[in-house]
1. Given the options GLU158, GLU120, name the one that is in contact (Cβ under 8 Å) with a residue 40 or more places away in the chain, open to solvent by 80 Å² or more (accessible area, probe 1.4 Å) and not in a helix (DSSP H, G or I).
2. Give VAL188, VAL237 a once-over and let me know the one that is closer than 30 Å to LEU102 by Cβ and either touching a Gly at 6+ places or on another chain (Cβ under 8 Å) or assigned to a helix (DSSP H, G or I) (or both).
3. Of all residues being crowded, with 18+ Cβ neighbours inside 10 Å and farther than 22 Å from SER92 by Cα in the stretch 1-24, which is nearest to the chain's Cα centre (by Cα)? Just the residue, please.
4. For the list (1) surrounded by 15 or more Cβ atoms within 10 Å (Cβ to Cβ); (2) more than 16 Å from the ligand (Cβ to nearest atom); (3) not hydrophobic (A, V, I, L, M, F, W, C), I need the number of the one condition that THR87 fails.
5. Scan ALA115, ALA152 and give me the residue that is hydrophobic (A, V, I, L, M, F, W, C), open to solvent by less than 20 Å² (accessible area, probe 1.4 Å) and within 8 Å of the ligand (Cβ to nearest atom).
6. Can you name the residue in the stretch 43-84 that is within 21 Å of ASP4 (Cβ to Cβ), part of a loop (DSSP other than H, G, I, E, B) and free of Cβ contacts under 8 Å to residues at least 24 places away in the same chain and, of all such residues, is nearest to the ligand (Cβ to nearest atom)?
7. Applying the selection to the stretch 101-110, what residues are away from the ligand (no atom under 16 Å from the Cβ) and under 16 Å from the mean Cα position of the chain (by Cα)?
8. Of the numbered conditions (1) in contact (Cβ under 8 Å) with a residue 12 or more places away in the chain; (2) surrounded by 14 or more Cβ atoms within 10 Å (Cβ to Cβ); (3) assigned to a loop (DSSP other than H, G, I, E, B), SER92 satisfies every one except a single condition; which is it?
Amino acid sequence: MRFDVVSIFPEYLAPLELSLIGKARTDGLLELAVHDLRAYTTDRHRTVDDTPYGGGAGMVMKPEPWAQALTEIAAATPAGPGGRRPTLIVPSPAGEVFTQKLAYELAEEEHLVFAAGRYEGIDERVLDWAAEQYTVRPISLGDYVLNGGEVAVLAMVEAIARLVPGVVGNPESLIEESHADGLLEYPVYTKPSTWRDRAVPEVLLSGNHGKIAKFRKEHQLRRTAARRPDLLERLDVANFSKTDRNVLWDLGYAVVDGRAVLRGDDRAEND
Ligand code: ADE
């Protein structure tokens with residue numbers, strides 16, 4: 001899989017040389033290149049921004065350097081026969097929200113190009129024009145505003161690249177982690193079995209795999225209900241076991257039409 005990142009702060013992306021992503025690059029599992037947007041300017045001052053039409057605070061990124069960078073990147077990596085066009089990801093608080101589901105979807109692509117903007121954003125016409133060569137996707141990390149797209153690129157590249165086969169040594173760890181099954185991950189413990197008067201839950205020392213699995217699922221449900229009830233309410237629980245349904249009931253939820261519904265909600269009252 002190939003990643004290209006365009007930014008006016010290429011050094012910001014240096015962490016992508018470290019850890020699992022860095023190793024996957026050296027092992028040839030991932031190709032990743034970072035491009036300095038200013039290298040695609042033509043004026044003496046290497047200008048990348050200008051004042052916004054219509055007025056208002058801040059500066060807007062000029063279209064020409066982006067067009068030059070995106071044209072060169074697309075030309076350097078032509079899609080093979082029947083190959084898909086590259087996806088252009090534009091980090092923006094005005095984009096669709098990045099989720100684990102989207103990370104899985106993007107991990108199926110051959111080539112992702114990230115346009116890390118700064119200031120008030122990139123001239124909108126660039127996104128429109130780029131759609132001739134790319135599948136363009138403005139994506140937000142969440143409902144807050146960063147100073148630029150670089151941090152969002154770091155997060156997205158890491159979340160996507162670790163789903164590429166071989167990048168994470170033990171693929172089992174992808175199955176059990178938070179969000180993999182729509183629930184948050186269960187709590188984890190290591191030695192010593194008692195630390196500062198706090199004992200590890202007894203069942204985890206029992207060696208009884210059935211009981212351990214039950215304990216973990218219960219705690220996934222408890223944690224999700226406490227911290228992210230929105231996830232629980234979106235989950236398909238039609239195939240939940242009697243035990244899981246009992247946990248949901250304890251947490252105040254009934255199962256109605258395959259969904260967990262808070263008891264007291266009108267839909268649960270008719271159940
Ligand atoms: N750039 C600024 N804020 C952002 C956000 N929330 N997500 C992605 N890119 C951004």
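The values are calculated or read from the model by the stated rules, or taken from the named source; none is laboratory data. As the structure is a prediction and not an experimental result, all values here were calculated from the model. Note: ideal-geometry Cβ built from the backbone for every residue, glycine included; neighbour counts use all protein chains shown. Heads up: the accessible areas ignore ligands, DNA and RNA and are worked out on the full protein's heavy atoms, side chains in. Shrake-Rupley method; radii C 1.70, N 1.55, O 1.52, S 1.80 Å.
1. GLU120
2. Details: VAL188 fails: either touching a Gly at 6+ places or on another chain (Cβ under 8 Å) or assigned to a helix (DSSP H, G or I) (or both).
Within the list VAL188, VAL237, the selection yields VAL237.
3. Residues of the stretch 1-24 that are crowded, with 18+ Cβ neighbours inside 10 Å, as a first pass: 1, 3-8, 10, 12-13, 16, 21, 24.
Among the residues that remain, those that are also farther than 22 Å from SER92 by Cα are: 1, 21, 24.
Details: MET1: 16, ILE21: 15, ALA24: 18 Å.
Per the criteria, the residue is ILE21.
4. It is condition (2) that THR87 fails.
5. Working: ALA115 fails: within 8 Å of the ligand (Cβ to nearest atom).
After ruling out the rest, the residue left standing is ALA152.
6. Result: ARG46.
7. Pass one, the stretch 101-110, residues away from the ligand (no atom under 16 Å from the Cβ): 101, 104-105, 107-110.
Of everything in the stretch 101-110, those that are away from the ligand (no atom under 16 Å from the Cβ) and under 16 Å from the mean Cα position of the chain (by Cα) turn out to be LYS101, TYR104, GLU105, ALA107, GLU108, GLU109.
8. All conditions pass for SER92, except number (3).
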